[in-house]
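The values are calculated or read from the model by the stated rules, or taken from the named source; none is laboratory data. All figures in this text were calculated on a predicted structure; none of them were measured in a lab. Positions of Cβ are backbone-derived with ideal geometry, glycine not excepted, and every protein chain shown enters the neighbour counts.
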Amino acid sequence: MKAFGKFCKTNKLVVIFIIIVIVGFVYYVSIHVNPSTNNAFVTANVIPVSAYVPGPITNIYVKNNQYVKKGDKLLTILTSPYELKVSELEDKLKALNYSFESMKAVIEQDSYNLLIKKSEYENALYLSGQAAKLSVEDAVSVKHSEVLLKAKNESEYQYYIAKYQFQIDDLNLKKTESEIKSVTSALEIAQINLQETTIYAPSDGFISNMFTDIGRYAEVGESLFSFVNSNTWLVQANFKETELGNVKPGDKAEVTLWMYPWKIFEGTVVSVGNVNRQITSSVNSLQEIQNENQWFLLPQRFPVMIKIDNLSSEYTLYVGATANVKVDAKSTIFEQLLFEPFFW
């Protein structure tokens with residue numbers, strides 16, 4: 001022990017260098033075993049609430065920052081134009097169905113008439129043929145044969161007229177059937193539009209940034225206010241790339257918020273995101289390379305998304321709240337054996 005003390009006294013620089021190397025190595029390993037950052041903030045799935053159909057707002061059932069449950073009414077667009085459209089299409093569809101049934105009856109009548117005309121034509125054809133043979137043998141007069149031939153021709157025309165009338169009525173029936181399908185589709189769309197005049201909460205969450213009132217005309221797709229889904233809360237932690245070697249989805253994390261510094265939220269790493277560093281020139285579409293610091297090359301930060309697991313109604317979360325994050329990364333066996341005992 002005295003020899004070690006004497007060595008330390010006589011080799012202070014070497015001892016200091018060794019201590020610095022050990023401390024630096026331990027720190028380097030620690031940031032990979034338990035990387036942490038205060039460059040983090042709370043985020044969630046934020047949905048812009050907009051109208052699916054245009055019209056003036058007639059009812060608003062919520063207020064700013066109100067908590068709502070899935071399926072709760074948020075607002076209603078004027079319904080009367082859409083109710084009238086549904087009623088109009090229902091009446092039109094009813095009339096087309098009546099026409100369709102009527103056309104089916106006409107088609108059935110045409111089919112019977114066609115059978116009659118065909119039978120009359122075949123009978124007239126037979127009688128005319130027989131008369132022509134008998135007139136050659138002078139068994140019947142030529143005039144009688146000509147009368148039967150004329151009757152056969154007239155019967156043939158009547159048969160073809162009945163045949164074409166059947167085809168025309170059949171096409172009209174198919175046209176009516178097609179119109180029924182078209183009006184049915186239009187009615188379904190009108191019914192959907194009527195349903196969409198009332199907007200409901202897509203999930204449990206909060207109303208945010210609501211600055212609208214009754215009477216405002218809502219355009220389709222226009223954002224009226226924001227809806228924050230409270231079922232899933234995430235923290236985006238922006239880690240340096242030098243700290244991400246062992247961070248993987250599924251790793252556990254601890255999250256503390258500036259607004260609740262005494263509360264530790266448990267989390268799970270969901271994903272490690274990417275960042276865009278490519279810059280393309282708008283002039284010639286070539287890559288542009290930014291000048292780096294000539295002295296120190298700063299590490300790039302990457303977003304790590306962490307899902308908060310132990311949500312509590314006691315602690316209300318807000319999008320954008322500042323957070324501190326520490327990840328329990330899955331280290332290698334070498335690090336676990338030699339270094340993790342120093343950290344726990």
Among residues of the range 294-344 being at pLDDT 85 or above and surrounded by fewer than 11 Cβ atoms within 10 Å (Cβ to Cβ), the residue farthest from Gln278 (Cα to Cα) is Glu314
Can you name the number of the only condition in (1) outside any loop (DSSP other than H, G, I, E, B); (2) out of contact with any helix residue (DSSP H, G or I) (no Cβ under 9 Å at 6 or more places or on another chain) that Pro261 fails?
(1)
From the options Glu241, Glu254, Glu196, Glu266, residue that is of a type in the set (D, E, K, R) and under 27 Å from the mean Cα position of the chain (by Cα)
Glu196
Which pairs do you get when a residue that is without any contact (Cβ under 8 Å) to a residue 60 or more places away in the chain, found in the range 60-73, comes within reach of a residue that is surrounded by 14 or more Cβ atoms within 10 Å (Cβ to Cβ) and part of a loop (DSSP other than H, G, I, E, B), reach meaning Cβ atoms under 9 angstrom, with the pair 6+ apart or on two chains?
Tyr61/Asp72
For Lys263, which of the numbered conditions (1) touching a residue at least 60 places away in the same chain (Cβ under 8 Å); (2) within 30 Å of Val62 (Cβ to Cβ) fails to hold?
(1)
Within the range 87-99, can one find any residue that is surrounded by 15 or more Cβ atoms within 10 Å (Cβ to Cβ) and of a type in the set (Phe, Trp, Tyr)?
no
